[in-house]
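Chemist: Pasting a structure here, questions to come.
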Amino acid sequence: MASPPLLALRDVRLTFGGTPLFEGVTTWVGRGDKTCLVGRNGSGKSTLLKVLAGEVLADSGERFVQPGTRIATLPQDPLLDGASVAEYVAHGLPEDERDQTYRVETVLAALGIDGSRAPQNLSGGEGRRAALARALVGEPDALLLDEPTNHLDLPTILWLEEWLKSYQGALVMISHDRRFLDTVSKQTLWLERGVVRRAEFGFSGFPQWQEETYAAEEAELARMDNLLRRELHWLARGVTARRKRNMGRRRALDVLRGERAQRFSSKQDNDRRANLAADAGDISGRLVIEAEKLEKSYDGKVIAKGFSTRILRGDRVGLIGPNGAGKTTLLRMLTGDLAPDGGVVRLGTNLEPAYFDQRRDRLDPERSVWDTLTDGRGDNIWVRGRPQHVVGYMKDFLFQENQARTPVKALSGGERNRLLLAKLLAKPSNLLILDEPTNDLDMDTLDLLEEVLADYEGTLLVVSHDRDFLDRLVTSVIAVEGDGDIAEYTGGYSDYLDQRPKKDEPAAKPKPDTPKAEIPRAKTATKLSYKDARELDELPGRMDKLSAEIAKLEAEINDPGLYTRDRKRFDTATGRLDAARVELEAAEERWLELEALREELTR
């Protein structure tokens with residue numbers, strides 16, 4: 001039997017500026033529930049969470065809290081105060097338990113924070129961990145978390161997952177981290193166009209549920225279209241008999257038109273997604289980056305110790321590791337921004353890099369969205385070699401026209417990220433360097449960003465703690481483990497987990513009677529990752545199709561009468577022939593790479 005709710009909303013309605021943000025919201029969360037709240041950026045998720053917490057009062061409806069329930073929240077932008085981090089975190093304990101310093105010390109140690117530091121001096125990631133420690137330390141009855149994994153490194157995310165899985169209270173969380181939601185959630189609240197739907201399964205079932213819901217809406221829209229066509233046909237017949245009845249039918253038609261228009265408008269809003277694409281610029285040389293035996297230390301802390309790698313054109317490389325291990329330092333060395341203490345970095349020819357900075361330092365907070373995109377020059381921005389009006393380009397990234405003159409400092413974190421992506425993706429480049437690009441992006445924009453990066457013809461270096469993003473995107477992972485320990489693995493994050501040496505397994509020792517015996521090396525990959533193996537299997541078929549298409553196009557173009565008979569078809573076939581030849585060359589090159597890798601791994 002389900003436990004009684006600790007928190008509940010009944011028929012709640014809230015408006016901003018006269019426009020309903022959500023209405024008719026009825027939902028609940030009980031002890032042991034682990035509920036994810038999903039929806040697009042700007043749909044009102046954070047506000048709904050604040051209504052549940054009692055921090056925002058609804059215009060109408062009821063909020064219920066079980067008497068004696070202790071609620072803790074993690075806001076998206078926590079306000080850090082107090083003389084020390086330990087003091088700040090201690091305020092998460094009940095007032096009569098704040099002398100229990102061991103509880104504060106335990107959670108700070110788990111999250112890797114120095115309690116003696118001043119909260120105002122913490123970095124973004126450190127401040128996030130301190131706010132999380134404050135929310136968790138008192139083990140509240142209800143925990144409301146807004147983007148808890150933002151700016152956290154992978155070890156901290158994994159620790160948080162385990163903590164929340166064993167948490168016995170009521171949990172509601174907003175997050176764009178799919179893997180985190182898959183692991184922790186058991187119920188789903190979906191906020192869409194002001195309406196909240198509830199499902200008694202976790203986020204893993206959400207994509208199919210969403211798809212089925214949209215399909216049902218499409219079917220209903222088609223049904224209404226058919227009914228509307230029948231009614232319009234009846235109206236056009238000019239029936240005059242029984243005028244009163246006919247006028248009633250005319251009014252019903254008007255109602256139907258209004259309902260259909262509203263549904264169509266909702267569908268358009270549902271289909272409104274960021275229109276992202278990247279300009280790959282000129283083709284770089286085959287070799288992009290080659291590093292040999294890199295060495296780097298800061299203040300006695302070893303960052304890199306003899307690390308070597310070779311990055312070729314078209315590679316998609318993910319950098320992972322704990323905060324402070326040296327990912328950004330390694331990235332700067334690989335791109336030539338920072339000289340190593342030892343070793344050599346060689347950069348390829350004709351490189352046009354573009355850089356996405358997780359701190360958004362390249363955005364002037366005082367400049368408007370318009371001036372940021374155009375650099376203060378006119379009304380147009382050059383996008384993939386063509387001029388485009390700045391307002392139209394803004395709309396591609398889900399900005400409203402009235403935001404054109406909004407200063408950057410007034411934008412939300414997600415909007416700033418989209419603005420930085422808009423500026424970055426308009427610039428021609430053949431080397432994209434992305435430092436935590438997924439923070440504050442909603443899932444739909446993340447999906448499109450993944451599609452753009454997957455089609456990007458240049459080379460990609462990405463620092464990310466988003467495991468799902470890495471699995472979908474990268475071809476190899478460079479793991480910066482700390483203390484100079486850096487290694488590269490083929491595949492995505494899941495492949496890295498399978499291939500990395502298990503640190504809890506001690507190395508085998510030589511036998512006493514064979515002192516010169518070689519100590520076995522840690523286990524390495526002996527076969528291709530699933531992703532690469534599948535690609536290798538599919539490439540021959542793709543090459544055969546391209547070869548057949550090229551032969552057909554060549555035969556068509558060799559027709560002496562085609563040019564005069566159908567100039568448009570001739571131009572189309574010629575353009576496609578050139579593209580198909582390039583695609584075939586790339587496919588053959590990729591097949592050779594994967595075949596060589598397979599042979600190397602099976603030696």
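The values are calculated or read from the model by the stated rules, or taken from the named source; none is laboratory data. Every value quoted in this text rests on a predicted model; they were computed, and no experiment measured them. For neighbour counting, all protein chains shown are included, and Cβ atoms are generated from backbone atoms with ideal geometry for every residue, glycine included.
Chemist: Taking into account only those residues within the range 85-105 that are within 34 Å of the chain's Cα centre (by Cα) and in a loop (DSSP other than H, G, I, E, B), which is surrounded by the most Cβ atoms within 10 Å (Cβ to Cβ)?
Modeler: Once the filter is applied, the top-ranked residue is GLY92.
Chemist: Just need a number here: residues in the range 168-211 that are assigned to a loop (DSSP other than H, G, I, E, B) and either of a type in the set (S, T, N, Q) or in contact (Cβ under 8 Å) with a residue 60 or more places away in the chain (or both).
Modeler: Total satisfying the criteria: 10.
Matching residues to (1) buried (at least 20 other Cβ atoms within 10 Å of the Cβ); (2) of a type in the set (D, E, K, R); (3) out of contact with any helix residue (DSSP H, G or I) (no Cβ under 9 Å at 6 or more places or on another chain):
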{"position": "SER429", "(1), (2), (3)": "yes, no, yes"}
{"position": "ILE433", "(1), (2), (3)": "yes, no, no"}
{"position": "PRO437", "(1), (2), (3)": "yes, no, no"}
{"position": "LEU448", "(1), (2), (3)": "no, no, yes"}
{"position": "HIS465", "(1), (2), (3)": "yes, no, no"}
{"position": "LEU470", "(1), (2), (3)": "yes, no, no"}
{"position": "VAL477", "(1), (2), (3)": "yes, no, no"}
{"position": "GLU481", "(1), (2), (3)": "no, yes, yes"}
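Chemist: Taking the range 29-50, which residues are buried (at least 20 other Cβ atoms within 10 Å of the Cβ) and more than 26 Å from GLY413 (Cβ to Cβ)?
Modeler: ASP33
Chemist: Is there a residue in the range 157-174 that is acidic (Asp, Glu) and under 17 Å from GLY39 (Cβ atoms)? Step through it out loud before you land on a result.
Modeler: Keep residues of the range 157-174 that are acidic (Asp, Glu), which gives 161-162.
Right, trim to under 17 Å from GLY39 (Cβ atoms) and you get none.
No, every residue in the range 157-174 fails to be acidic (Asp, Glu) and under 17 Å from GLY39 (Cβ atoms).
Chemist: Considering only residues that are modelled with pLDDT under 85, among the aliphatic types (A, V, I, L, M) and in contact with a Lys or Arg (Cβ under 7 Å, 6 or more places away or on another chain), which ones fall in the range 388-425?
Modeler: LEU398, LEU420
Chemist: Also, quick follow-up: With LEU80, LEU108 as the choices, which residue is surrounded by fewer than 19 Cβ atoms within 10 Å (Cβ to Cβ) and of a type in the set (A, V, I, L, M, F, W, C)?
Modeler: LEU80 is the lone residue from the list that is surrounded by fewer than 19 Cβ atoms within 10 Å (Cβ to Cβ) and of a type in the set (A, V, I, L, M, F, W, C).
Chemist: For the range 380-402, which positions are over 25 Å from GLU147 (Cβ atoms) and not in a helix (DSSP H, G or I)? Can you show your working first?
Modeler: So in the range 380-402, the residues over 25 Å from GLU147 (Cβ atoms) come out as 380-393, 395, 401-402.
Matches in the range 380-402: ASN380, ILE381, TRP382, VAL383, ARG384, GLY385, ARG386, PRO387, GLN388, HIS389.
Chemist: Considering only the range 124-141, state which residues are of a type in the set (D, E, K, R) and assigned to a helix (DSSP H, G or I).
Modeler: Passing the criteria: GLU126, ARG128, ARG129, ARG134.
Chemist: Going through the range 307-347 one residue at a time, which ones are under 20 Å from GLY492 (Cα atoms), in contact (Cβ under 8 Å) with a residue 40 or more places away in the chain and either charged (D, E, K, R) or not assigned by TED's automatic domain parsing to the domain that holds LEU294 (or both)?
Modeler: ARG313, ASP315, ARG316, LYS327
Chemist: Can you go through ARG405, ARG377, ARG418 and tell me which one is charged (D, E, K, R), touching a residue at least 40 places away in the same chain (Cβ under 8 Å) and either surrounded by 18 or more Cβ atoms within 10 Å (Cβ to Cβ) or not in a helix (DSSP H, G or I) (or both)? Step through it out loud before you land on a result.
Modeler: On the way: ARG405 fails: touching a residue at least 40 places away in the same chain (Cβ under 8 Å); ARG377 fails: touching a residue at least 40 places away in the same chain (Cβ under 8 Å).
The conditions single out ARG418.
Chemist: Test ILE486 against the criterion of being over 17 Å from LEU432 (Cβ atoms) and surrounded by 17 or more Cβ atoms within 10 Å (Cβ to Cβ), and give yes or no. Break it down stepwise before answering.
Modeler: Working: over 17 Å from LEU432 (Cβ atoms): yes; surrounded by 17 or more Cβ atoms within 10 Å (Cβ to Cβ): yes.
So ILE486 passes the test.
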